[in-house]
Structure formats: C-alpha cells, structure tokens
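The values are calculated or read from the model by the stated rules, or taken from the named source; none is laboratory data. These figures come from a predicted structure and were not determined experimentally. Counting neighbours? That spans all protein chains shown, and the Cβs are built from the backbone with ideal geometry, glycine included.
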Amino acid sequence: MLDRLRAILVEDHTIVREGLRPLLEGRGVVIVGEAGDGLQAVKLAKEEKPDLVIMDLMLPRLSGIEAARRIRKSLPNVKIIMLTIHDEPPFVFKSLEAGANGYLVKESPLDELIAAIRAVMSGETYLSSNFPRTLLGSYAKHRQRGKKTDEFALLTKREREILQYIAEGYTSPRIAQTLFISRKTVENHRANIMEKLNIHDTAGLVRYAIKIGLVE
C-alpha cells in the first residue's frame with residue numbers, strides 16, 4: 001500500500017530527516033523532497049504535490065500548524081501527519097483544526113508511524129497510541145459546539161506570520177526587511193494582533209505564541 005507513495009519530510013533538524021528518510025524508503029515510501037522550515041514546506045508542497053506530508057510542529061519562519069493550514073488550503077487532498085515531541089491535547093486539537101489527518105509523538109516506534117500512514121491514506125484520522133481513546137471524541141464534541149481552541153483563528157495569514165517573528169525575537173525593522181514591507185505596516189499589524197488577542201505587550205505575545213505552539 002505504501003509503494004510509490006510520494007511524501008515530503010518537514011523537520012528543522014537535518015539529522016532527524018536523514019534518519020527518518022531511509023526508514024521510510026525501506027518501507028516503499030518515495031521521499032520527493034525535504035524542508036527545514038514552514039515556509040519552505042508550503043512552497044515544496046505546492047511544487048511537488050505529494051500524497052503525504054510528514055511535518056514537525058515547531059518550525060522556524062512558519063509553525064507546522066500554520067504550514068498545515070496553508071498546505072490544506074492549496075492541496076485539499078494531501079494527507080498531513082504531524083510528528084512532534086508535544087503530547088498535550090491542545091496541540092492535537094490545533095493541528096486537526098489546521099487540517100492535519102494524523103498526530104504522532106516522536107517517541108513512537110517506526111511501526112506506529114507506518115500504521116499512521118496507512119490509516120490516513122485510507123481516509124482515517126490517526127492519533128498516537130499513548131493518547132486516550134476518548135480524545136477524538138472530545139475533539140468532535142469541541143467542534144460540534146463551534147468553538148475554536150483560542151483566538152488564533154481571528155488573525156489573518158500575515159498577522160500569524162508576524163506573531164511568529166515577534167515570538168522569535170525579531171524587531172519590527174527586521175520583520176519589515178524579511179517580509180519586504182514597511183516598518184509602519186509591521187507596527188499596524190502588531191497593533192491589530194494585540195487588539196484581537198487582547199494582549200498589550202510583547203512579552204505577553206511571546207507567552208501566547210509559546211502556549212499555542214508557534215515557538216518553543
């Protein structure tokens with residue numbers, strides 16, 4: 001079933017990618033590309049149009065959750081598995097809301113990753129076996145109530161980008177230079193972010209970004 005399955009690996013630690021690639025290729029998966037940050041992942045996915053994206057949650061430049069959201073919007077049929085060290089339910093919920101089909105912690109054995117791949121390629125949602133079996137039911141009820149895990153959904157795509165850069169310690173001039181926009185535009189976005197999140201200082205934004213998994 002995994003023969004000729006086209007996948008990309010997204011992980012900012014090269015040694016992890018180099019270790020995972022031969023293991024997957026040994027099971028018949030064709031790795032068509034690798035990315036070391038979220039923005040690169042989105043670009044690579046659009047170029048390669050893989051069947052599957054295996055992606056870390058914490059990534060530089062763009063978080064795995066936001067990258068998953070953008071990939072899902074551009075490629076609605078691609079399957080996405082988050083592979084991360086974080087086992088807290090809020091991260092699971094955010095990933096599923098962003099469009100992930102599976103969520104696996106890195107302590108899982110290879111056989112469980114293969115099981116997760118088989119499950120998501122068959123149209124199922126897969127969560128690590130160390131999660132309680134009731135977690136998906138809790139998520140379904142959460143969605144039925146029409147609730148989001150937090151106010152992050154209120155932010156625009158650009159505001160999410162800027163929030164991550166702020167949390168990574170970028171100054172407004174550096175953000176402006178990185179995104180090719182004016183410093184005034186950055187400050188306007190910062191003000192909008194603070195208003196939407198009801199957070200009124202940079203330290204608070206950093207704490208919020210850590211809480212929702214944008215940065216470690």
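Consider SER172 carefully, then state whether it is more than 24 Å from GLU97 (Cβ to Cβ), surrounded by 16 or more Cβ atoms within 10 Å (Cβ to Cβ), out of contact with any strand residue (DSSP E or B) (no Cβ under 8 Å at 6 or more places or on another chain) and at pLDDT 90 or above. Reasoning before the result, please.
Numbers: more than 24 Å from GLU97 (Cβ to Cβ): yes; surrounded by 16 or more Cβ atoms within 10 Å (Cβ to Cβ): yes; out of contact with any strand residue (DSSP E or B) (no Cβ under 8 Å at 6 or more places or on another chain): yes; at pLDDT 90 or above: yes.
Yes, satisfied.
For THR178, the conditions (1) surrounded by 15 or more Cβ atoms within 10 Å (Cβ to Cβ); (2) free of Cβ contacts under 8 Å to residues at least 40 places away in the same chain; (3) not charged (D, E, K, R) are fulfilled apart from (1).
Just to be sure before I move on: is TYR126 more than 23 Å from VAL206 (Cβ to Cβ), modelled with pLDDT of 75 or more and touching a Ser or Thr at 6+ places or on another chain (Cβ under 6 Å) in the structure I sent? I'd like the intermediate steps shown before the answer.
Working: more than 23 Å from VAL206 (Cβ to Cβ): yes; modelled with pLDDT of 75 or more: yes; touching a Ser or Thr at 6+ places or on another chain (Cβ under 6 Å): no.
So TYR126 fails the test.
When you check SER74 against the structure, is it more than 13 Å from the chain's Cα centre (by Cα), among the small types (Gly, Ala, Ser) and under 28 Å from LEU179 (Cα atoms), yes or no? Even if it seems obvious, please write down each step before you answer.
On the way: more than 13 Å from the chain's Cα centre (by Cα): yes; among the small types (Gly, Ala, Ser): yes; under 28 Å from LEU179 (Cα atoms): yes.
The answer is yes for SER74.
Filtering the stretch 16-30 for residues that are buried (at least 16 other Cβ atoms within 10 Å of the Cβ) and touching a Gly at 6+ places or on another chain (Cβ under 9 Å) leaves a non-empty set. For ILE166, the conditions (1) modelled with pLDDT of 90 or more; (2) more than 20 Å from TYR103 (Cα to Cα); (3) in a loop (DSSP other than H, G, I, E, B) are fulfilled apart from (3). Here is the figure for the stretch 39-68: residues that are modelled with pLDDT of 95 or more and on the phi > 0 side of the Ramachandran plot total 1.
Could you check the stretch 90-112 and list, in sequence order, the residues that are crowded, with 16+ Cβ neighbours inside 10 Å and either closer than 19 Å to SER74 by Cα or over 17 Å from the mean Cα position of the chain (by Cα) (or both)? Correct list: LYS94, SER95, LEU96, GLU97, ALA98, GLY99, ALA100, ASN101, GLY102, GLU112.
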